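The values are calculated or read from the model by the stated rules, or taken from the named source; none is laboratory data. This structure is a prediction, so every number in the text was calculated from the model and none was measured. Ideal geometry is used to build each Cβ from the backbone, glycine not excepted, and the neighbour counts take in all protein chains shown.
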Amino acid sequence: MAFGNEADEATCAEMFNLCREKNINFVDTANVYSKGRSEEILGGLLKSCRDEWIVTSKFNGRMGPGPNDRGCSRRHVFAAIEATLRRLQTDRIELYFIHNFDPLTPIEETLRALDDLVRQGKILYPAVSNTAAWQIAKGLGVSERLRLARFECIQPMYNLVKRQAEVEILPLAQAEQVGVIPYSPVAAGLLTGKYQSGAGEGRIVDNKFYKARYDDPEYGQAAQRFVDFCRSNGWEPAPVAIAWVGSHPAVTAPIIGGRNAKQIAGALAALDFEMTPQLRAEISAFSKEPPLATDRLDEQRGLFIH
């Protein structure tokens, strides 16, 4: 997401090559990132090594002033993929994400359009991001009923202070054998400790949307407990936060990001961090566990007698 925004082309190349050296083979972008510039920069970097990579992008966000320049209609899906393929300089992408739910377009229309793109070879698998579990389940049901290509991957927000995905999205993914690639594992830097130490810049400081997303005293308190725990053990907090996300059994791989190679190098240290079940449980206790999807808490706790 930083490509073409906080990171210039040279910095993007440095981050990309660092990940490649670590055998990372999966890269995630979206057409709205820097209004297409992210895809353009990535396309240039992929040119000599395209077949090594699993590439994803997303559609639905506004890409122009017109009424058809956003959304999940058949018209916009077809226009969006052509523009994305052109910017990425490739003939296909592996995963194509609905960036968020479109209440104005029937899901059947969107899924038929994505199925056609699969048949044309322009995408390999449909996927979905930023949606509720019921919306994902509805999409899977429609795909099954109409015999269309189904969602094969989910991209939710998930980190130690934002755990809503644990309630229904992650169990749904496990039950339906759908891949999960969560974003924001360090909570826009909140779980790195930089804001506690008075950082003057960062998404939570610079971006009103991120500020609103994490503007809850409980998040800051949980983050402080986590950061203090990491530092008392001699660990950098960022890779531990990423390893915690990656240790959930439903998670395929967390998405990392950064503004420069130093941040990416710090995130990649998560590859070498051992997150045991005991350590995961200890870290999980630093934040509030979200309520269960059902009010039958007695059953969940093994106390129900019928």
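Descriptive notes on the structure:
- Count - residues of the range 38-58 that are loosely packed, with under 15 Cβ neighbours inside 10 Å and assigned to a helix (DSSP H, G or I): 2
- The number of residues in the range 227-249 being in a helix (DSSP H, G or I), of a type outside the set (Val, Ile, Thr) and within 15 Å of residue 267 (Cα to Cα) comes to 8.
- Residue, nearest to residue 29 (Cα to Cα), within the range 166-177, restricted to residues that are of a type outside the set (D, E, K, R) and without any contact (Cβ under 8 Å) to a residue 40 or more places away in the chain: 169
- Just one of the listed residues (69, 28, 102) is among the acidic types (Asp, Glu) and free of Cβ contacts under 8 Å to residues at least 24 places away in the same chain, and it is 69.
- Any hit, the range 219-226, residues being within 18 Å of residue 289 (Cβ to Cβ), in a loop (DSSP other than H, G, I, E, B) and aromatic (Phe, Trp, Tyr): no
- Filtering 79, 133 for residues that are more than 30 Å from residue 49 (Cα to Cα), assigned by TED's automatic domain parsing to the domain that holds residue 48 and not β-branched (Val, Ile, Thr) leaves a single hit, 133.
- Qualifying residue in the range 185-204 (condition: under 15 Å from the mean Cα position of the chain (by Cα) and assigned to a loop (DSSP other than H, G, I, E, B)): yes
- Residue check, residue 31 surrounded by fewer than 16 Cβ atoms within 10 Å (Cβ to Cβ) and either at pLDDT 95 or above or not in a helix (DSSP H, G or I) (or both): no
- Restricted to the range 59-157, the set of helices (runs of 4 or more DSSP H) holding at least 3 residues that are of a type in the set (Gly, Ala, Ser) and surrounded by fewer than 21 Cβ atoms within 10 Å (Cβ to Cβ) comprises 133-146.
- Among residues of the range 158-171 being surrounded by 23 or more Cβ atoms within 10 Å (Cβ to Cβ) and not hydrophobic (A, V, I, L, M, F, W, C), the one that is farthest from residue 132 (Cα to Cα) is 159.
Residue-by-condition table, conditions (1) touching an Asp or Glu at 6+ places or on another chain (Cβ under 7 Å); (2) at pLDDT 95 or above; (3) not assigned by TED's automatic domain parsing to the domain that holds residue 192:
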{"site": "238", "(1), (2), (3)": "no, yes, no"}
{"site": "247", "(1), (2), (3)": "no, yes, no"}
{"site": "253", "(1), (2), (3)": "no, yes, no"}
{"site": "258", "(1), (2), (3)": "no, no, no"}
{"site": "261", "(1), (2), (3)": "yes, yes, no"}
{"site": "270", "(1), (2), (3)": "no, yes, no"}
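- Any hit, the range 275-287, residues being at pLDDT 95 or above, closer than 25 Å to residue 55 by Cβ and either crowded, with 19+ Cβ neighbours inside 10 Å or not assigned by TED's automatic domain parsing to the domain that holds residue 16 (or both): no
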